[in-house]
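Student: Next up is a structure, given as structure tokens.
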Amino acid sequence: MKKRPGRAALVLAVMVAAATAVFAGVFATRLSEDSRLSDSPLVGAPSPVMTLPLLDGSGEIEIPEPDARVTVINFFASWCLECRIEHPDLLAVAEAFSDSGVRLIQIAYQDRPDDSIAFMNELGVSPLIRYASDPGSRAAIAFGVFGIPETYFIGPDGVVTGRITGPADSLSLGRQIDLILGRGRPE
Amino acid sequence: MSEESHWQARLDQATRDLEELEQQLATDEIPPSTARRLRRVYTEEIEEARLRLAGEASVPADPESPDRDSRSRFWTPGRVTVVAILGTAAAALVISVGWFVQPEDQADADGGEFDPSQYSNETMEAVISANADHPQINGMRLALAGRYFRAGDFARAFAHYRGVLEHDPTAAEEAEALSRLGWMAWAGSGEVQLAIDTLDRALLAAPGYPQALYFKAIVLWCGAGQTTEAVPLLEEASEALPSEEALVAELASARAGEECS
């Protein structure tokens, strides 16, 4: 008997959809049992320690910053649309916390240095932020970057305390920093 | 990758991003404020890519061309069903993953009730700076200005109260900002008339606003020596704020004709 056209494809689609739905359900349920930080095994562990070249080639930078009370590591790229969204918030946080020992480092992720520099020049740079490149994606691999933008918070003891995936806003950035600094104050 | 294919890829990506964004917004996965920001970025990306392609790419195919017919024939009901099922499954996956990776703080910041007690001055400064043109941030401006005001840091408080007035305040927000500015004009600079004028503006914005009444009474009594004029304002303020012991004591003192102490 001749099969109706598309029948096999329909059966296959239903099977794929069912499998995907089961996977999605399990994924969301299992992982959501932990805090939002649990998706990175790095949270609660010592930060990767490394030296990276500055984006403009003028020197190097240590990760984490040796004298910082809080080091904020942000992975970005010129081709990343959401990195544009969070850019003003990163500038604002760098400015607001400049007297609190908070240091921001933005690391270009799989991007040409010229493109990264053009991106920063277009959106605005801050003398309070260090901009680094990541040859061979060493830092991205060490931090376990899944997709950018991603932002990591490192405390004064060198331990990674938090991670934000997707575009970070100033309130969430500030809250993570406040937690490390022991701030947040009763009214 | 050629320049044309590069921009075509960016156009396709931004279009997909925009479609997913609308889906996420429809399912309340992301707050409207975030959606607005993302939509703007994606739209700009699409416009730029289209402009680039219009200048560099070949002329688009005639919509009545045979190729269009072949595309129409491709979308049989069966194929539409298959694509719909797969699309639904993919959406379920995207939503579940997206929900998982949604930072709690991000959600709180955009959609939740703002509790200023959880944030440092620096965080609030950063939020205000990054959202300087948004009237919705006036609540945070007032909260931060209030901290500075209570700490006696009038310079910082002044800047944020001015910020409130410049960003479409509600009557209550305007009254609070003007009340504090009026008080600072006198307590910080000794400007009695400026203080009274500013406090009158606060009362115009919100008639009977207790803090403006109280501040104006104190400025009249202690700054201008107009004890008699201050008494009715203190009376009205004390009716609105009966638990303020200091106010009650000051009212009694003013009624007795005592000098401000």
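The values are calculated or read from the model by the stated rules, or taken from the named source; none is laboratory data. Bear in mind the structure is a predicted one, so any value in this text is a computation, not a measurement. Cβ placement follows ideal geometry from the backbone for every residue including glycine, while neighbour counts extend to all protein chains displayed. Side chains are part of the model used for accessible areas, which takes the heavy atoms of the whole protein and leaves out ligands, DNA and RNA. Shrake-Rupley method; radii C 1.70, N 1.55, O 1.52, S 1.80 Å.
Student: In this structure, does residue A:13 turn out to be within 13 Å of another protein chain (Cβ to nearest Cβ), in contact with a helix residue (DSSP H, G or I) (Cβ under 6 Å, 6 or more places away or on another chain) and at pLDDT 70 or above?
Tutor: yes
Student: Given the residues A:114, A:178, which is the only one that is without any contact (Cβ under 8 Å) to a residue 24 or more places away in the chain and open to solvent by less than 10 Å² (accessible area, probe 1.4 Å)?
Tutor: A:178
Student: Specify which of the listed residues (A:180, A:141, A:129, A:164) is among the β-branched types (Val, Ile, Thr), closer than 16 Å to residue A:63 by Cα and either away from chain B (no Cβ under 14 Å) or in contact with a Ser or Thr (Cβ under 6 Å, 6 or more places away or on another chain) (or both).
Tutor: Only one candidate qualifies: A:141.
Student: Right, another one. Only one of A:73, A:105 is of a type in the set (A, V, I, L, M, F, W, C), assigned by TED's automatic domain parsing to the domain that holds residue A:155 and touching a residue at least 60 places away in the same chain (Cβ under 8 Å); which?
Tutor: Going through A:73, A:105 in turn, the sole match is A:73.
Student: A further question on this structure: In the range A:154-170, which residues are farther than 13 Å from residue A:90 by Cβ and over 9 Å from the mean Cα position of the chain (by Cα)?
Tutor: A:154, A:155, A:156, A:157, A:158, A:159, A:160, A:161, A:162 - these are the residues of the range A:154-170 that are farther than 13 Å from residue A:90 by Cβ and over 9 Å from the mean Cα position of the chain (by Cα).
Student: Also: Could you go through the range A:41-52 and let me know if any residue there is modelled with pLDDT of 90 or more, touching a Pro at 6+ places or on another chain (Cβ under 7 Å) and under 23 Å from residue A:104 (Cβ atoms).
Tutor: yes
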